[in-house]
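Visitor: Handing you a structure now.
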Amino acid sequence: MNNKLPLKLMLVPLVLIALALIASIAVDLFDLFGLREPITDRLQFPFLWFALFHWLEVLQWPVQGAVILICGINAGLAWRSEDRDARAMHLVLGVGVILMLVEDAGNVRHIIRHYLNRALHADAGDFSLLISLVELGYFAVIGLVMMFAFVRYWRVWWCNFQARTGFLVGIVCYGVATVSSWLGHAFRGQFEGFRDLYTLAGTRLLEVVYRLAPDYQAILEASPNLVYGTPIQFVVMDHVYEESVELIGAFGLLAGVLALMLKFSGSAQGQPQNGEEQHRQGGAGRHGDDPGHENAADHAQVDRGDAARHADAQDGPDHGMRG
């Protein structure tokens, strides 16, 4: 397997995000070759960028699944080599990524918020102080599991350049995405004239877009509530920005665990080969290069010479008497 594969994997999300942005700008903003209407009608999405970045979100799930699988493989390889720290790190990391996958695919925090709002008789879309703090605690639990694996067992991955690069990319990207997601939703509906931070940031971003393509504003305003009554400004940040950062982080984690798998599997294959080579070298030393073996042969030759001379000395007088 190519030893540079983990680093090359981290280029995949960058290429996909760049292609999605280029296609979205060409079709949605400038209606290249008149493709906007045929494509959006066929996709049953009002905008190409919404479809493309939704697919990138879905792509993140099998990548996280691959991370979980490789964590299990690495834990098994570490168990065979009796590396307790590596085994513990991958077990904890695997649990953390499972929690992330369940959240990303199932939106568990939204379910918790829904039932809390029902219990508090609050509007379903509101984020009161209590709900914002509960969601912050939820994110903190997942983050602490992940960071425990990385900080407690840092010696397992820090010395491997590819693993270190991948894990640092994953830590930074998922950290930024998590903090952004919480701040983007927090305290929604609690302040007059302020919905949430994502809507505000999306409004500023779209102002730049409108300068590039003035007619696009009318198209967006025709679909102000794109998903379940959510303003389009919020959806832009939630889909284009957040999902892009998370996808880069997912591939970073994949690169990290894959680099360690290559390291562990290489060590496991190298052990019997080294043992056989040592055995061959040891055999050659015992029979060829061993100084003790050569000295023993010399002593045997000396002993045989002494015995012959002793026999001659005894035969001498006997010959004289017979003569």
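Throughout, read-outs are computed from the coordinates displayed, never taken from laboratory work. Note that the coordinates shown come from a computational prediction; the quantities given were computed from them, not determined experimentally. Note that each Cβ is placed from the backbone with ideal geometry, even for glycine, and that neighbours are counted across all protein chains shown.
Visitor: Note down the magnitude of the dipole of the range 24-97 about its Cα centre, charges +1 on Lys and Arg C-beta and -1 on Asp and Glu C-beta and zero elsewhere, to the nearest 20 debye.
Guide: Dipole size: approximately 300 debye.
Visitor: Counting only other residues whose beta carbon sits under 12 Å from that of LEU220, what net charge do I get with K and R as +1, D and E as -1?
Guide: Taking every Cβ under 12 Å from that of LEU220, the sum is -4.
Visitor: If a paramagnetic tag sat 7 Å from the Cα of ILE73 along the Cα-Cβ line, which residues of the range 1-29 would have the backbone N under 16 Å from that point?
Guide: Counting only backbone N, you get 1-10.
Visitor: Mind checking which of GLY137, GLN233, THR203 is farthest towards the positive end of the range 5-267's charge dipole, using Cβ charges of +1 (Lys, Arg) and -1 (Asp, Glu) about the Cα centre?
Guide: After comparing all options, I get GLY137.
Visitor: Any idea which of VAL172, TRP49, HIS114 is furthest toward the positive side of the dipole for the range 41-195, if Lys and Arg beta-carbons carry +1 and Asp and Glu beta-carbons -1?
Guide: Checked the options; the winner is VAL172.
Visitor: Counting Lys +1, Arg +1, Asp -1, Glu -1, what net charge surrounds GLY252 among other residues with beta carbon under 14 Å of its beta carbon?
Guide: Around GLY252, the surrounding residues sum to +1.
Visitor: Which ³J(HN,Hα) values in Hz, rounded to whole numbers, follow from the phi angles of the range 165-172 under the Karplus curve 6.51 cos²θ - 1.76 cosθ + 1.60, where θ = phi - 60° and Gly and Pro get x?
Guide: 4, x, 5, 5, 4, x, 4, 5
Visitor: While we're on this one: Per residue of the range 67-76, in order, report the coupling 6.51 cos²θ - 1.76 cosθ + 1.60 (Karplus, θ = phi - 60°) as ³J(HN,Hα) in whole Hz, putting x for Gly and Pro.
Guide: Each residue of the range 67-76 in turn: 4, 4, 4, 5, 4, x, 4, 5, 5, x Hz.
Visitor: Same structure, new question: Hey, any idea what Rg/Rh is for the range 5-267, computing Rh the Kirkwood way over Cα pairs?
Guide: 1.02
Visitor: Express in % the proportion of alpha carbon pairs of the range 139-266 at distances exceeding 18 Å.
Guide: 63 percent
Visitor: Determine the relative contact order of the range 5-267: mean sequence separation of Cα pairs under 8 Å and six or more apart, normalised by residue count, in whole percent.
Guide: Rounded, it is 30 percent for the range 5-267.
Visitor: Could you list log10 I(q)/I(0) for the range 103-173 at q = 0.15 Å⁻¹, which the Debye formula gives when each Cα is one point scatterer?
Guide: -0.64
Visitor: Students often check this: by mean Cβ neighbours within 10 Å, which of 132-141, 238-247, 168-177 ranks highest, and how do the rest follow?
Guide: Output ranking for 132-141, 238-247, 168-177: 238-247, 168-177, 132-141.
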